[in-house]
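Student: Would you mind keeping the following structure in view while I ask a few things?
The values are calculated or read from the model by the stated rules, or taken from the named source; none is laboratory data. Every value quoted in this text rests on a predicted model; they were computed, and no experiment measured them. Using ideal geometry, Cβ is built from the backbone for each residue, glycine included, and neighbour counts are taken over all protein chains shown. Calculation scope for accessible area: heavy atoms of the full protein, side chains included, ligands and nucleic acids excluded. Shrake-Rupley method; radii C 1.70, N 1.55, O 1.52, S 1.80 Å.
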Amino acid sequence: MNDLLLNCDIGESFGAWTMGLDAEVMPYIDCANIACGFHASDPSVMRKTVALAVAHDVRIGAHTAYQDLVGFGRRSMDCTPQEVEDLMLYQIGALEGICRSQGTRVSYVKPHGALYQDMMRKPATLRAVMSAVAKYDRQLPLMLMCTRDNSAAQALGDEFGLTLWFEAFADRAYDAAGFLVSRSLPGAVHHDSEVIVSQALTLARGEALQASDGSALHLAAQTLCVHGDNASSVAAVQRIRQAFDSLVQA
């Protein structure tokens, strides 16, 4: 069995607008990817979310993104490598300041949305992201997508002296190369909790998933992304946590 850390995108409310069931999902996860104000969140939400993570002894990650509140960070932006470095450093530093005020710190970094997708497909963007993390604190792991072949990303991570956490998803379909199927295509997102829990267990056992073309896909992941944006997704996370704990005890 793979000892997968459960991570969740969290702290994505903004002002009077609430998104997600943060308090309900936090007890079941290992890592909280906290939005840093560019795609979602604000200083007050960040402070409250950090406090919630501390209360449940959950690791805190900087969930960095393009500066795109309107598009929730899901729209790619034509940023230069230097601009990518700058936005990464700005957001990590902002969350780190709030963490330090509460006696904790940022423990890893996970880019969000379009920035996450771009860094997996554009070597210059990935290099800029890694450069920013290395310049801020080389001890911080960087979370990135686990694909069929992680060798190029791992080689670049080794060049920067970074620890990489390769991430898989319990509620998303994959193509043959191990990339996520576009949300614009049918079946890209799993909504059935039985399917989500089953995929999580398949990944934890190190077994192959079925890619969108029917081929077998093995993903050597260290962490599993789950979501807590509605009651059914929180219930799925709780079932995954219980299933993982049962596998460990077995």
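Student: Is at least one residue of segment 72-82 open to solvent by less than 10 Å² (accessible area, probe 1.4 Å) and not aliphatic (A, V, I, L, M)?
Tutor: yes
Student: Sticking with this structure for a sec: Restricting attention to segment 230-243, and to residues there that are under 13 Å from Ile196 (Cβ atoms) and of a type outside the set (A, V, I, L, M), which single residue is least open to solvent (accessible area, probe 1.4 Å)?
Tutor: Ser233
Student: Anything in segment 215-229 that is in contact (Cβ under 8 Å) with a residue 60 or more places away in the chain and either open to solvent by 50 Å² or more (accessible area, probe 1.4 Å) or within 17 Å of the chain's Cα centre (by Cα) (or both)? List them, or say none.
Tutor: His218, Leu219, Ala220, Ala221, Gln222, Thr223, Leu224, Cys225, Val226, His227, Gly228, Asp229 - these are the residues of segment 215-229 that are in contact (Cβ under 8 Å) with a residue 60 or more places away in the chain and either open to solvent by 50 Å² or more (accessible area, probe 1.4 Å) or within 17 Å of the chain's Cα centre (by Cα) (or both).
Student: Being out of contact with any strand residue (DSSP E or B) (no Cβ under 7 Å at 6 or more places or on another chain), touching a residue at least 40 places away in the same chain (Cβ under 8 Å) and farther than 19 Å from Ala221 by Cα is true for just one of Gly161, Gly103. Which residue is that?
Tutor: None of the others qualify; the one that does is Gly103.
Student: Now a separate question. Just to be sure, is Thr64 crowded, with 16+ Cβ neighbours inside 10 Å and touching a Pro at 6+ places or on another chain (Cβ under 9 Å)?
Tutor: For Thr64, the condition - crowded, with 16+ Cβ neighbours inside 10 Å and touching a Pro at 6+ places or on another chain (Cβ under 9 Å) - is met.
Residue by residue, here is whether (1) basic (Lys, Arg); (2) not in a strand (DSSP E or B) holds:
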{"position": "Cys8", "(1), (2)": "no, no"}
{"position": "Gly20", "(1), (2)": "no, yes"}
{"position": "Ser41", "(1), (2)": "no, yes"}
{"position": "Lys48", "(1), (2)": "yes, yes"}
{"position": "Ala53", "(1), (2)": "no, yes"}
{"position": "Ile60", "(1), (2)": "no, no"}
{"position": "Val70", "(1), (2)": "no, yes"}
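Student: On to the next question. With the structure loaded, tell me whether Ala23 is in contact with a Gly (Cβ under 9 Å, 6 or more places away or on another chain) and free of Cβ contacts under 8 Å to residues at least 40 places away in the same chain or whether it fails that test.
Tutor: When the stated conditions are applied, Ala23 does not pass them.
Student: Let me ask something else. Output the number of the condition that Thr49 fails; it satisfies all remaining conditions of (1) closer than 28 Å to Arg127 by Cβ; (2) surrounded by 21 or more Cβ atoms within 10 Å (Cβ to Cβ); (3) hydroxyl-bearing (Ser, Thr, Tyr).
Tutor: Evaluating Thr49 over (1) closer than 28 Å to Arg127 by Cβ; (2) surrounded by 21 or more Cβ atoms within 10 Å (Cβ to Cβ); (3) hydroxyl-bearing (Ser, Thr, Tyr) leaves (1) as the failure.
Student: Another question about this same structure. Arg172: among the basic types (Lys, Arg), under 19 Å from His63 (Cβ atoms) and open to solvent by less than 50 Å² (accessible area, probe 1.4 Å), yes or no?
Tutor: When the stated conditions are applied, Arg172 passes them.
Student: Those residues that are of a type in the set (A, V, I, L, M, F, W, C) and surrounded by fewer than 18 Cβ atoms within 10 Å (Cβ to Cβ), I need them from segment 181-200; list them, please.
Tutor: Correct list: Val181, Leu185, Ala188, Val189, Val195.
Student: Then there's this: Condition test on Cys146, is it open to solvent by less than 10 Å² (accessible area, probe 1.4 Å) and either among the charged types (D, E, K, R) or closer than 18 Å to Ala221 by Cα (or both)?
Tutor: yes
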